[in-house]
Structure formats: structure tokens, C-alpha cells
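Asker: Structure incoming, see below.
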């Protein structure tokens with residue numbers, strides 16, 4: 001077969017492009033929601049962090065998850081909670097923010113090694129091919145990473161606004177009242193990232209002659 005593999009490759013590329021656009025659109029929409037409802041977003045994020053800390057404790061006590069790794073995960077979320085002090089603003093050079101970024105990667109690495117080592121131990125202890133290994137399923141492991149490792153960092157990435165992304169805007173009601181119409185509006189890091197990629201692609205299109213400068217994206 002010659003044509004079908006090409007169709008499969010083209011379909012994979014198209015599917016990846018649609019998936020990327022869907023994720024970017026979702027990030028953009030969520031970032032705008034946070035900009036409009038800052039107080040509610042801060043409350044929800046704080047409760048989410050506390051909820052995951054409680055979940056980590058339950059996994060340690062009930063399912064016998066490693067104590068030190070669980071403690072490390074709890075400390076990581078306490079550090080994440082520290083970024084809520086000036087929500088939704090954050091300074092990219094703030095040691096607390098940099099520490100949070102490092103903890104995300106370390107947390108992912110240590111838990112990945114933990115589940116990998118547990119998998120090897122479970123399979124090496126099997127006396128027969130038909131014995132069921134005592135280990136979490138792929139769905140359970142992926143769910144743990146999605147909820148207990150990456151959910152809060154991802155939510156903070158969507159919600160927090162870097163100090164460099166605070167944009168001036170005009171408040172019509174303040175201008176009508178004769179007050180200061182110039183105010184500052186936070187722009188989420190996720191939204192700034194999407195805007196940056198979109199502007200870069202647009203600039204490349206203009207440079208290559210694929211589109212005019214006045215055309216929309």
C-alpha cells in the first residue's frame with residue numbers, strides 16, 4: 001500500500017492542527033473568563049489547591065502512597081498557593097514563581113519514576129503470565145498526573161498575568177463621570193502567549209507575501 005499511509009500521515013497532521021487550535025481557543029476563552037471574574041477565580045483556585053492537598057493526604061493514608069513523595073507534593077501546592085497573594089498579577093522574576101516552575105518539573109519527574117519503578121517491581125514479582133500485577137492502571141496514573149500534578153500549575157498559567165502584560169484601557173463609565181478614564185487591565189499569560197503566536201504567524205505571512213498587512217489573521 002502506498003496511498004493509504006500518505007492519507008494516514010495527512011490525517012494525523014490535520015488532526016494535530018485542529019487539536020492545537022482547539023487548545024489555543026480554550027486557553028484564550030478561559031483567560032478572558034478569569035479577567036472578567038478575578039475574585040471568583042481566586043476563590044476557586046484557592047479551594048482547588050486545598051482540595052488537592054486533602055486528596056494527597058487520603059492517597060497516602062488509604063492507598064499507601066509514599067510518605068515523602070506525598071509530603072513533597074503537598075509542599076509544592078503550598079508554594080503554588082503563595083502565588084495567590086497578588087492574584088492575578090505575578091512577576092516572572094519573583095523567586096516564588098520561579099520555585100513553583102521548578103517544583104512542577106521535579107514533581108512530575110519523581111512521580112513518573114515512582115510509578116515506573118512500581119511497574120517494574122510488580123511485573124518482576126509475577127510467578128505466572130496469568131497473574132494480575134498489583135499496580136495502578138494507565139487511566140489511574142494519567143488521572144493522578146492530570147489532577148494532582150498538573151491541574152493547579154495549568155490553572156495558574158491560565159489565570160495569572162505577568163506584570164509585563166498589564167495593558168492600559170479606557171473605562172467609559174469613569175470618563176463619563178469626569179474621572180480618570182485610563183486604567184490598567186491584566187492580560188493572562190496564556191492569552192498573551194496565544195496572541196504572541198498569532199502575531200508571529202501573521203508577521204511571517206506578511207513577510208512571505210502570503211497575506212497583506214491589513215488582512216486579519
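A short reminder: the numbers here are calculations on the coordinates, not readings from a lab. The structure presented is a predicted model; accordingly, all values stated were derived computationally and were not measured. Here the Cβ is made from the backbone with ideal geometry for all residues, glycine too, and neighbour counts use every protein chain on show.
Asker: If I go through the stretch 75-111 residue by residue, how many of them are under 16 Å from residue 144 (Cα atoms), under 18 Å from the mean Cα position of the chain (by Cα) and surrounded by 13 or more Cβ atoms within 10 Å (Cβ to Cβ)?
Answerer: Matching residues across the stretch 75-111 total 6.
Asker: Could you please let me know if residue 118 is over 19 Å from the mean Cα position of the chain (by Cα), assigned to a helix (DSSP H, G or I) and closer than 30 Å to residue 136 by Cβ?
Answerer: Yes, satisfied.
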